[in-house]
Amino acid sequence: MPGVGFWRVKLAGLAIAGAALCCVQAAADTLESALAQAYNNNPQLNSQRALVRATDENVPTALAGYRPHASITASAGTQALQTTLREIGSQTPVNSPASYFKQNGGNTPHGVGATITQNVLNGNQTANRTRQAESQVFGARETLRSIEQTVLLAAATAYMNLLRDGAILELQRSNVEVLQEQLRQSKQRLESGNVTATDVSQSESRLATGKTQQFAAEATYETSKAIYRQVIGAEPGKLAAASPVDRFSPNTLASAVTAGLAQHPTVTSAQFNVDAALLQVKVAEGALYPTVQLQGSIQKNYEISLTQMQSYSASVSGLFSMPIYQGGAEYAAIRQAKETHGQRQLDLNVARDQARVGVIQAWALLEAAKSSIESSKNQVKAAEAALNGVREEARLGQRTTLDVLNAQQELVAARIALVGAQRDRLVNSYGLLAAVGRLSPQVLGLQVATYDPAVHYHQVRDTWAGVRTPDGR
């Protein structure tokens, strides 16, 4: 059997690999920096920010109903004219050609004008459209907050998955080294007659299995690196340990459920959708009310005819319109808006139910992960003691090579389980924070400039003209 010194060294290596999620490494990437990078770089998050900015423009679009509409017109052309006139006082019979004379010619009539129309009354449609647009903006912000939580949770998961898979890969590599030494020692003992060829074959079989597991661990590690790059937007460096964020979550399940129902962005977004749907009902009902407009116009025309060279007109008028019947489309629109409002209320109930389930599930997973760590530690401790005992008994001839190999694999499996439990403990703490709606850069204290959607909103809300966006595009 391998010497005691060799086994002590390999056990130390396995212990280091198994504790990779718990010990801090110098000059390493941290989970906080990875979250900050994801917050800045993730394309899904940046796409949602652009969507929120686009939604902001609904408000100035609605406010346009309060503002005057102005237009100018211009016309130009050419025409040929022929005018037949009867001489005044002529005694020539009317049907005699001699009583008439003709004027022939041509001109280029042209003119300019301007019209200004101001809405005065339209059944409060403009006010309701404005409030509806504001509700849509608030709803879009809550959707953005939901995407932020999704991205940050995905980033924490990707970080911990890579850390876990790196530790598992080290465990598998160490396991292969142990199995190679086991095979070498078995061959030596076969030559001395202490074991049979069966023991050697068993060692070879376990070594082949160990290499297969190592290859699988390498593939999983590379996949985790790719996912890390996708979510966080940067290549991973040497990852440092991380700590749970339980301190930011409620202390009891009841308070967690209450917080989730009140703060989760899917719930608050659904609430704003209900408001927007209700305002759409009012907008549709506004089509049944009278409208009043003021209109002013100015017109100047030149070369109107051979005898009239120019004209000028100016007017101010009030326009009153009362809808009586327009085919029933407006009534259908009102009924449709009411049904949509009812749907949005049901969606709100669904969102609340989902938030409640999400909190309870996240709480249960976190509690299970906490318990798993303790049991996994006990499992590792017992597996180490069992392996040491089996090796000693095998040295005395009381155990077979297969017993040693089995004990070795049990220890590796126990350490892999511990690594997984440590990963689950941290990820589930982030999952609970997301379930109650608190997973944000502000709560986590990330060193990153947070995106404030209100900045763009106030930049465009009262803009009357211009096609450039606030960032210059």
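The values are calculated or read from the model by the stated rules, or taken from the named source; none is laboratory data. Just so it is clear, the structure is predicted and the values come from calculations on it, not from any experiment. Heads up, the Cβs are rebuilt from the backbone with ideal geometry, glycines too, and the neighbour counts pull from every protein chain shown.
Checking the structure you have, find out if any residue of the range 172-189 is farther than 28 Å from Arg399 by Cα, part of a helix (DSSP H, G or I), within 41 Å of the chain's Cα centre (by Cα) and not polar (S, T, N, Q).
no
Go through (1) touching a helix residue (DSSP H, G or I) at 6+ places or on another chain (Cβ under 7 Å); (2) buried (at least 17 other Cβ atoms within 10 Å of the Cβ); (3) at pLDDT 90 or above one by one and return the number of the condition Gly123 breaks.
(3)
Return a yes/no flag: does the range 280-291 have any residue that is modelled with pLDDT under 95, acidic (Asp, Glu), over 27 Å from Val59 (Cα atoms) and under 46 Å from the mean Cα position of the chain (by Cα).
no
Out of curiosity, is Val137 modelled with pLDDT of 80 or more, of a type in the set (A, V, I, L, M, F, W, C) and in contact with an Asp or Glu (Cβ under 8 Å, 6 or more places away or on another chain)?
Criteria met by Val137.
Hey, could you check the range 151-188 for residues that are polar (S, T, N, Q) and in contact (Cβ under 8 Å) with a residue 60 or more places away in the chain and say which is farthest from Thr401 (Cα to Cα)?
Thr157
If I filter the range 385-396 for residues that are modelled with pLDDT under 90 and in a loop (DSSP other than H, G, I, E, B), do I get at least one hit?
Yes: one or more hits.
Given the criterion part of a helix (DSSP H, G or I) and without any contact (Cβ under 8 Å) to a residue 24 or more places away in the chain, identify the matching residue among Gln422, Gln442.
Only one candidate passes the filter, namely Gln442.
Only one of these conditions is not met by Ser249: (1) under 24 Å from Leu35 (Cα atoms); (2) small (Gly, Ala, Ser); (3) surrounded by fewer than 19 Cβ atoms within 10 Å (Cβ to Cβ). Which number is it?
Here Ser249 clears every test but (3).
Go over the candidates Leu144, Leu152, Leu162, Leu169 one by one and state the one that is over 26 Å from the mean Cα position of the chain (by Cα) and part of a helix (DSSP H, G or I).
Leu169
Just one of (1) among the hydrophobic types (A, V, I, L, M, F, W, C); (2) surrounded by 18 or more Cβ atoms within 10 Å (Cβ to Cβ); (3) free of Cβ contacts under 8 Å to residues at least 12 places away in the same chain trips up Ala434, so point out which.
All conditions pass for Ala434, except number (3).
With part of a helix (DSSP H, G or I), in contact (Cβ under 8 Å) with a residue 24 or more places away in the chain, closer than 30 Å to Ala197 by Cβ and not hydrophobic (A, V, I, L, M, F, W, C) as the only criterion, which of Gln361, Gln354, Gln409, Gln343 stands out? Give the steps one after another, and end with the answer.
On the way: Gln361 fails: closer than 30 Å to Ala197 by Cβ; Gln354 fails: closer than 30 Å to Ala197 by Cβ; Gln343 fails: closer than 30 Å to Ala197 by Cβ.
Testing whether each residue is part of a helix (DSSP H, G or I), in contact (Cβ under 8 Å) with a residue 24 or more places away in the chain, closer than 30 Å to Ala197 by Cβ and not hydrophobic (A, V, I, L, M, F, W, C) leaves just Gln409.
Has the range 282-291 got any residue that is among the aromatic types (Phe, Trp, Tyr), closer than 30 Å to Thr115 by Cα, touching a residue at least 24 places away in the same chain (Cβ under 8 Å) and not in a helix (DSSP H, G or I)? Before the answer, list the steps.
Quick first cut of the range 282-291, residues among the aromatic types (Phe, Trp, Tyr) only: 289.
Subsequent filtering for residues that are closer than 30 Å to Thr115 by Cα retains 289.
Filter once more, keeping what is touching a residue at least 24 places away in the same chain (Cβ under 8 Å): 289.
Next cut, not in a helix (DSSP H, G or I) only: 289.
Yes.
Could you grab me the full set of residues in the range 40-58 that are within 17 Å of Gln230 (Cα to Cα) and part of a helix (DSSP H, G or I)?
Correct list: Asn40, Asn41, Pro43, Gln44, Leu45, Asn46, Ser47, Gln48.
Taking Arg129 as meeting all but one of (1) in contact with a Phe, Trp or Tyr (Cβ under 7 Å, 6 or more places away or on another chain); (2) over 30 Å from Gln214 (Cα atoms), write down the number of the exception.
Here Arg129 meets the rest and fails (1).
Of everything in the range 329-355, what is closer than 28 Å to Val257 by Cα, loosely packed, with under 15 Cβ neighbours inside 10 Å and either charged (D, E, K, R) or touching a Leu at 6+ places or on another chain (Cβ under 8 Å) (or both)? Give them in sequence order.
Asp353
Could you count how many residues in the range 191-210 are part of a helix (DSSP H, G or I) and surrounded by fewer than 16 Cβ atoms within 10 Å (Cβ to Cβ)?
Qualifying residue count, the range 191-210: 9.
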